[in-house]
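To keep things clear, I will list the structure first and then write my remarks on it.
The values are calculated or read from the model by the stated rules, or taken from the named source; none is laboratory data. None of the values given here were measured: they were computed from a predicted structure. Don't worry about glycine lacking a Cβ; one is built from the backbone with ideal geometry, like all the others, and counts go over all protein chains shown. Just so you know, the surface numbers come from the protein's heavy atoms only, side chains and all, with ligands and any DNA or RNA stripped out. Shrake-Rupley method; radii C 1.70, N 1.55, O 1.52, S 1.80 Å.
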Amino acid sequence: MTVLELLPELKNKPEEYIKSVEKSYNDYIDFSDIPVGYRNKYRVNITGKLENIMKNISTVVSDRYNILLNFNGYKNTGYIAYVIINEYFKQIHLNNDILENIVYIDTNLLVEDYKRLMNVNQLSQNTAHSLNTLLNSIETASMVIWDKFSKLESTYDKHKIYDILSIRKRNNCCNIYMIAGGTSNLSQVIGADIFDMMDVDFGCDCSRINFEVPKKGMNLEC
């Protein structure tokens, strides 16, 4: 997505101003660590309760709300995270407010990244998240969007995430948790300690929302 697609109001502004906003936008998206494969505005259509959260996302961040979003599965959650980040940037720009950092985390891959960093023999390998995310912004970003949050399995995974959430709470940071499979037994899946540390202010059942992902144009039927 280009900054003009996100902010068509810029079209009549001076070119230098547009370039300045564009650089700010590109830097912001890069800092968020959202994968390139999810950076497509048109991959998903968001309606219902989730749309209401989107409309108030600047307040969610500024007032430090912790939000729990439950989906049928994780097929489209990365695209949704990208839309959330874009909507936040748009609202802040239009209202001329202070832009705070949002970081996207693939929870399952995050703990694998930390395991790599502990293994001297694997230090040369690339991590899924940037080193800045792993060593700094994961603990300090105003908001973290946790994708695949209910996929935590091992004891190490759960201890690591608990520690990160504890530090984020101390730093007065907030979170959006994306889970799948419902909330009824979530505390058993991720552990009671993590469930308490999530400190959820508002939950949204997105399992009945229809996400429209356009098919690619080429016909490859055999």
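Pull up the cross-link candidates among the lysines for Lys75, meaning alpha carbon to alpha carbon under 27 Å and not fewer than 8 places away within one chain.
Cα-Cα hits under 27 Å: Lys41, Lys49, Lys55, Lys90, Lys115, Lys148, Lys151, Lys158, Lys160, Lys215, Lys216.
To the nearest 20 Debye, how big is the dipole of region 1-88 about its Cα centre, given +1 on the beta carbon of each Lys and Arg and -1 on that of each Asp and Glu?
Roughly 320 debye, rounded to the nearest 20.
For region 145-184, what does the alpha-carbon gyration tensor say about shape, rounded, prolate or oblate, given a ≥ b ≥ c as the root eigenvalues, a/c under 1.5 as rounded, and a/b over b/c as prolate?
Oblate is the answer for region 145-184, as a/c is 1.5 or above yet b/c matches or exceeds a/b.
Any idea of the accessible area per residue across the chain, 1.4 Å probe, to the nearest Å²?
So the chain comes to 55 Å² accessible per residue, rounded to a whole number.
Quick check on the chain: helices-only [θ] at 222 nm, where DSSP H runs of length 4 and up contribute -39,500 (n - 2.57) each and the sum goes over total residues. Nearest 500, please.
Result for the chain, helices only: -13000 deg cm²/dmol.
Which shape class applies to the chain: rounded if a/c is under 1.5, otherwise prolate when a/b exceeds b/c and oblate if not, where a ≥ b ≥ c are the square roots of the Cα gyration tensor eigenvalues?
rounded
Expressed as a whole percentage, what fraction of the accessible surface of the chain belongs to carbon and sulfur atoms when a 1.4 Å probe is rolled over the protein heavy atoms?
Summing carbon and sulfur atoms, their accessible area is 47 percent of the total for the chain.
With the dipole of the chain worked out from charges on the C-beta (+1 for Lys and Arg, -1 for Asp and Glu) around the Cα centre, which of Asn108, Tyr79, Cys204 lies farthest toward the positive end?
Looking along the dipole axis, the top candidate is Tyr79.
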